[in-house]
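Nothing in this text is a laboratory measurement; each read-out follows from the coordinates by a stated rule. None of the values given here were measured: they were computed from a predicted structure. Here Cβ is always computed from backbone atoms with ideal geometry, including for glycine, and neighbour counts include all displayed protein chains.
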Amino acid sequence: MKEILCLAEHRSGELRDISLELLGKAGELAEKLGAEVSAVLLGHNVDGFAQQLSTRAKKVLVVEDDKLADFNQAAYQKVLSHLIGEHKPVLTMIGHTAFGMDLAPSLAVETDLPLATDCIGLEVQDGKLFAIRQMYGGKVNAQVSFPGATQHLVTVRQGVFPIGESKLNGEVAAVASPLTEEIECKKFIRYVEAEAGEVDITQADIIVSVGRGIKKKENIPIVEELADCLGGVVACSRPVVDSEWLPKERLVGQSGNTVKPKLYLAVGISGAFQHIMGMRSSETIIAINKDHNAPILNIADYGVVDDLSSVVPLLSAKIREVKGE
Amino acid sequence: MNVVVCVKRVPETGEAEVNITEDGKNIKGDKLVYDINETDNYALEEALRLKERLGGSLTVVSVGGEDADEQLRTCLAKGADSAIRLDDNKFVGSDGFAIARILCAAIKDLNADLVLTGCMASDDGYAQVGVQLAAMLGLPHATLVTDIHIENTTAEVRCELEGGLATVFEIELPAVIAVQTGINEPRYASFRGIKEAMSREIKVLGLCDLPLNEDDVGEAGSRIRVEKLFIPPVEKMAQLLEGSAEETASELASILKEKGLI
């Protein structure tokens, strides 16, 4: 029987959602590929996760080793290349997470597997696997094939595939750890938590968020004024934090905060998926952007395609007018 | 300390209209503005700072056509010591894996203590070349790096995770480090630097100059193939408000009022 391996991801004692998203999609692909799905769980004291995974996979391969307690790509890669060598899976699925980005490309080199990264779609046509992935910051999708391949490796974008149903009663199988010694070339030292700032944007009902389109630090006050009119807080996308125009605690997106306010007003934010992931559950989304092709307009409720420096101050004035200030 | 930085020339598509070519395999690039890939620019800055602190040499390497000289000259203008461009007709159509192989062939004899790359190219979004290059060179790596401390032959790196968390790893040098945006504040090239860089030599190496075969590069050496590009289907387009800034601002204010948000 062919096999699909899905790498479970966990961090600080929690199984991450991507693990279940992979299994959901793998279940669907398994039928088309005539394969069975096995979850791969590496770690230390992870019995609880194994039980969780066993409801969604035919088999859970557990490699228990204290050297796998914290994610270390070098250690994970040794174990996975060993498992791939033994099982010869038709497909190996890893999350396109920070861990996955560290692990999958070098694993592909070691195991000589073709790799498609950051997949947002996977489909089987005439028994062949195709991946859909985004290019040019989400403005273009690409259908990608694996010419001549019988085994495939993919990393899958987080939050794209729904979490699969838990309806199975899979077998939990312990696999002896192939790690014989400590990995010397790469050592996990510690986690660093985000520093708490003065404002917790995740608690705000109204967020005015600013992106690269603001152009310079001197323009930030116009969005602060708008947030002030609305009784909301200012947040931002990555380029604004990278330029140190606003502190990191204000960052919305994959590497920052996930927010669900009543109103998310995106000003000059194009809407890269890393940002969208952090705000798409907002109740009402309004986008002001001068690019009518900006991906943010595909998820916003209302959009204004115009220069933010003219619209934003006018909007602040109108709001004050409506409020009778 | 000898540092090699890999850079890529990419089109700026953030605010530009992107159109697909008739054969569906590429985008129309003629009207786009090109620049050094954003994360590569941070990698270059990190390398410049390491050189200023620790001395040694800084070599920039790029796979690309003659156009990429523009980006390599900018790197020279900022303080890189030498530039190598890897260019051959046979390289066309290389996927991330084949690009890593081309880079590996050129870099392995450069005696680098550290290879820096960006963590992701903004055009193809592969986020794999730096890490694959490390594997091919047989070196340890780290990616999404937002801080680097070098102490003798070890690098302590901070790698960004999701949700504001980060991990600190210690890796042995030589190594490949793929950096994330925000690790530093990239400098601009000085006018004088740009002028001087105009006359500097850029070494160009092709397939026959590298220990590679035709089958290792281009489509033949690639593991994946882009079959077709298409504009992503729109799930739910925003209701676009039309009119002057005055009119749209007014309409937005009414919508906010209606929803009880003001």
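Values for this structure:
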quantity: Shielding of B:210-223 by partner chains, average beta-carbon count, 10 Å; calculated: 1
quantity: Low-density loop cleavage sites - trypsin sites (Lys or Arg not before Pro) in region A:96-189, where at most 13 other Cβ are within 10 Å (DSSP); calculated: A:LYS167
quantity: 3J(HN,Hα) from dihedral phi, region A:211-219, Karplus parametrisation 6.51/-1.76/1.60, rounded to Hz, x for glycine, proline; calculated: x, 3, x, 6, 6, 8, 4, 4, 8
quantity: Vicinal HN-Hα couplings computed from phi for region A:318-325 (Karplus, 6.51 cos²θ - 1.76 cosθ + 1.60; Hz; Gly/Pro x); calculated: 4, 5, 4, 4, 4, 7, x, 8
quantity: Phi-based couplings in Hz for region B:64-71 (Karplus 6.51, -1.76, 1.60; Gly and Pro marked x); calculated: x, x, 4, 3, 5, 4, 4, 6
quantity: Amide hydrogen neighbours beyond the local backbone of B:ASP124, cut-off 5 Å, H modeled; calculated: A:TYR136
quantity: Shape call, chain B: gyration tensor on alpha carbons, a/c limit 1.5; calculated: prolate
quantity: Simple spin-label estimate for B:LEU110 and A:GLU283 in nanometres, 7 Å along Cα-Cβ; calculated: 5.4
quantity: Cα gyration tensor shape for region A:201-322, rounded if a/c is under 1.5, else prolate or oblate; calculated: rounded
quantity: Whole-number percent relative contact order across chain A, with pairs defined as alpha carbons under 8 Å at least 6 apart; calculated: 14
quantity: DSSP-defined beta bridges in chain A - what % are antiparallel, rounded to 5; calculated: 25
quantity: For A:GLU9, distant residues with modelled amide H under 5 Å away; calculated: A:ARG16, A:SER19
quantity: Trypsin sites (Lys or Arg not before Pro) restricted to region B:208-262 and DSSP loop, no more than 16 other C-beta within 10 Å; calculated: B:LYS236, B:LYS259
quantity: Segments B:21-28, A:296-303 sorted - mean Cβ within 10 Å per residue, highest first; calculated: A:296-303, B:21-28
quantity: Prolate/oblate/rounded call for the protein assembly as shown, Cα gyration tensor, a/c under 1.5 rounded; calculated: oblate
quantity: Chain A: angle of helix A:98-111 to the longest principal axis, Cα-based, in degrees nearest 10; calculated: 40
quantity: Relative contact order of region B:110-262, pairs being alpha-carbon contacts under 8 Å that are 6 or more residues apart, as %; calculated: 18
quantity: Spacing of the two label points (7 Å from each Cα toward its C-beta) at A:HIS44 and B:GLU246, in nm; calculated: 6.9
quantity: Loop chymotrypsin sites (Phe, Trp or Tyr not before Pro), region B:71-128, which have at most 14 other Cβ atoms in a 10 Å radius of their Cβ (DSSP); calculated: none
quantity: Sorted by Cβ neighbour density within 10 Å, fewest at the top, the residues A:TYR264, B:TYR188, B:TYR34; calculated: B:TYR188, B:TYR34, A:TYR264
quantity: DSSP-defined antiparallel bridges as percent of all bridges, the protein assembly as shown, nearest 5; calculated: 35
quantity: C-alpha long axis of helix B:96-107 to longest principal axis of chain B, angle in °; calculated: 30
quantity: Highest to lowest packing among B:44-53, B:168-177, A:212-221, scored as the average C-beta count within 10 Å; calculated: B:168-177, B:44-53, A:212-221
